[in-house]
Amino acid sequence: MDDGMVFVLIILFAFVLPIVLIGTWTSHKKDMAKANANLNDSEKLNMQNELASVKGRLEVLEAIVTDKKYQLNQEITALKAVD
């Protein structure tokens, strides 16, 4: 590569790319704020309840997967698959 192309690439990555990323991020935040403003109180409450429910189910799944019995069962299943 010649020096001119290297200079253009440096300018591109140093200035243009961050500007595009920041613009995209702020646009997303603005869109999310508009969507949140359009929800009424009961919809917000429903979403919060659903999120709490999903978090609870995720905690249960994490407990199952990290359980030593589950890991042992996975290892036994893997050994059986090799035979």
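Estimated from helical segments only, the mean residue ellipticity of the chain at 222 nm is -29000 deg cm²/dmol, where each DSSP H run of four or more residues counts as -39500 (n - 2.57). Candidates ASN40, LEU72, PHE7 compared by Cα position along the dipole of the chain: farthest toward the positive end lies ASN40, with charges placed on Cβ. Evaluated with a Cβ-only charge set (Lys, Arg +1; Asp, Glu -1), the chain carries a dipole of roughly 300 debye about its Cα centre, given to the nearest 20. In straight-distance terms, cross-link reach from LYS44 covers every one of the lysines whose alpha-carbon lies under 20 Å from its own, apart from those fewer than eight places away in the same chain; here that gives LYS29, LYS30, LYS34, LYS55. Solvent-accessible area per residue in the chain equals 93 Å², computed with a 1.4 angstrom probe and all protein chains kept.
Kirkwood analysis of the Cα pair distances in the range 43-83 returns a hydrodynamic radius of 12.3 Å.
What the phi angles of the range 19-28 give under the Karplus curve with 6.51, -1.76 and 1.60, with θ = phi - 60°, is a coupling list of 5, 5, 5, 5, x, 5, 5, 5, 5, 4 Hz, glycine and proline written as x.
Ligands, DNA and RNA left out, the accessible area of the range 1-45 computed with a 1.4 Å probe is 71% carbon and sulfur.
The values are calculated or read from the model by the stated rules, or taken from the named source; none is laboratory data. The model shown is predicted, which means the values in this text are computed figures rather than measured ones. Backbone-built Cβ (ideal geometry, glycine too); neighbour counts: all protein chains shown. Ligands, DNA and RNA are stripped out before the accessible areas are found, and what is left, the full protein with its side chains, is counted by its heavy atoms. Shrake-Rupley method; radii C 1.70, N 1.55, O 1.52, S 1.80 Å.
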